[in-house]
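**Q** Quick one: this structure, given as structure tokens, is what I'll be asking you about.
The values are calculated or read from the model by the stated rules, or taken from the named source; none is laboratory data. Predicted model, so just to flag it, every value in this text is computed and none were measured. Cβ coordinates were reconstructed from backbone atoms using ideal geometry, including for glycine residues, and neighbour counts include every protein chain displayed.
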Amino acid sequence: MRIFMRLRLLAPLLVLVFFSSCTVTRQVVYFQDVRNDNDTVQELPIVHEAPIRLQPDDKISILVSSQEPMLNAMFNLPRIQPALRASAGNAVSSADEVSAYTVDADGNIDFPVLGSLHVAGLQRSEVASFIKQKLESQNLLKDPVVTVEYVNLGVSVLGEVSRPGWFRIDRDHLSVLDALSFAGDLTIQGRRNNVTVIRKEGDVQKFYPIDLTSAKSLYSSPAYYLRQNDMVYVQPNPMRARQSTAAGNTFLQPTFWMSFASLVTSIVTIFLIK
């Protein structure tokens, strides 16, 4: 009877430990509102489907090709010699050899023969179609193939991720999940329910909250698809934040928890043997 009474006194501590463990699990699991049913395919619409569109200061490469090689050269910028790049002390890559067009403040590029073209607000496929139509309508080339690639477009990922940094955009749709995967996913200390996308729109900075624990919230966010120059910030959880202080570091050291576990064990033993 006495042992039973002591166990009842220890029950609140055991319940607290159990629910604390459950809370930690809930904090690191993605898409918690999606049922784990292998026989059911669940569908969630992506509310804001936003492809990458060109903005001032973006750089793009444009390659025109056709069955007339001599004429192709009229519409392609000369490639930068790798030796020039190497002499500047920069690493040489295949991207360094491609000359790029810079979208000016008015949203235009200066294209050979065709002159000034307004490309701001267009997707790269639309730029390619636009230039192809111009070349054909003016009888400059027959059946040209126009390829447009991004040169300097990218996003930054900061905070509690494995590999923070700047990552190049190489596709027309780049989601926040893509960017986080480039950065090696969140660390265990990153708050899945508190990710922020920072985006400049006009003269203001907008902060979009992202909750990775809710699939419905994630796919309905206007920041699910990223734009060039977006910043993705992952906030640290309280445990990680406490590590910035000396007391927090001491509190979170493994030796502290070993001592704490030893203390709890001693207390349980004393209760049981008395």
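**Q** Out of all the residues in region 62-93, which are in a helix (DSSP H, G or I), modelled with pLDDT of 55 or more and among the aliphatic types (A, V, I, L, M)?
**A** First pass over region 62-93, keeping only residues in a helix (DSSP H, G or I): 69-75, 82-87.
Retained after the next criterion (residues that are modelled with pLDDT of 55 or more): 69-75.
Scanning region 62-93 gives 70, 71, 73, 74.
**Q** While we're here: Being within 13 Å of residue 62 (Cα to Cα) and small (Gly, Ala, Ser) is the filter here, so list the residues in region 116-131 that pass it.
**A** 125, 128, 129, listed by residue number.
**Q** Does residue 217 satisfy the condition of being among the small types (Gly, Ala, Ser) and either at pLDDT 95 or above or within 30 Å of residue 126 (Cβ to Cβ) (or both)?
**A** On the way: among the small types (Gly, Ala, Ser): yes; either at pLDDT 95 or above or within 30 Å of residue 126 (Cβ to Cβ) (or both): no.
Criteria not met by residue 217.
**Q** Looking at (1) over 25 Å from the mean Cα position of the chain (by Cα); (2) in the same structural domain as residue 224 (by TED's automatic domain parsing); (3) of a type outside the set (Asp, Glu), which is the one condition that is false for residue 142?
**A** Unmet for residue 142, out of (1) over 25 Å from the mean Cα position of the chain (by Cα); (2) in the same structural domain as residue 224 (by TED's automatic domain parsing); (3) of a type outside the set (Asp, Glu): (2).
**Q** Something else: Cβ-Cβ under 6 Å, sequence separation 6+ or interchain: first residue in region 133-153 and exposed (fewer than 13 other Cβ atoms within 10 Å of the Cβ), partner not β-branched (Val, Ile, Thr). Which pairs?
**A** 147/63
**Q** In this structure, does residue 171 turn out to be out of contact with any Phe, Trp or Tyr (no Cβ under 8 Å at 6 or more places or on another chain) and within 18 Å of residue 154 (Cα to Cα)? Steps first, please.
**A** Values: out of contact with any Phe, Trp or Tyr (no Cβ under 8 Å at 6 or more places or on another chain): yes; within 18 Å of residue 154 (Cα to Cα): yes.
In short, yes.
**Q** I've got another one for you. Of all residues in region 173-186, which are surrounded by fewer than 17 Cβ atoms within 10 Å (Cβ to Cβ) and more than 17 Å from residue 222 (Cβ to Cβ)?
**A** 181, 184, 185
**Q** Of the residues 44, 54, which single one is of a type outside the set (Val, Ile, Thr), surrounded by 10 or more Cβ atoms within 10 Å (Cβ to Cβ) and within 23 Å of residue 152 (Cβ to Cβ)?
**A** Numbers: 44 fails: within 23 Å of residue 152 (Cβ to Cβ).
Of 44, 54, the one residue that is of a type outside the set (Val, Ile, Thr), surrounded by 10 or more Cβ atoms within 10 Å (Cβ to Cβ) and within 23 Å of residue 152 (Cβ to Cβ) is 54.
Residue by residue, here is whether (1) modelled with pLDDT of 95 or more; (2) out of contact with any strand residue (DSSP E or B) (no Cβ under 6 Å at 6 or more places or on another chain); (3) assigned by TED's automatic domain parsing to the domain that holds residue 105 holds:
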| residue | (1), (2), (3) |
| --- | --- |
| 158 | yes, no, no |
| 164 | yes, no, no |
| 177 | yes, yes, no |
| 202 | no, yes, no |
| 212 | yes, no, no |
| 227 | yes, yes, no |
| 232 | yes, no, no |
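**Q** So in region 94-112, with the set limited to residues that are at pLDDT 50 or above and surrounded by fewer than 12 Cβ atoms within 10 Å (Cβ to Cβ), which one is nearest to residue 136 (Cα to Cα)?
**A** 110
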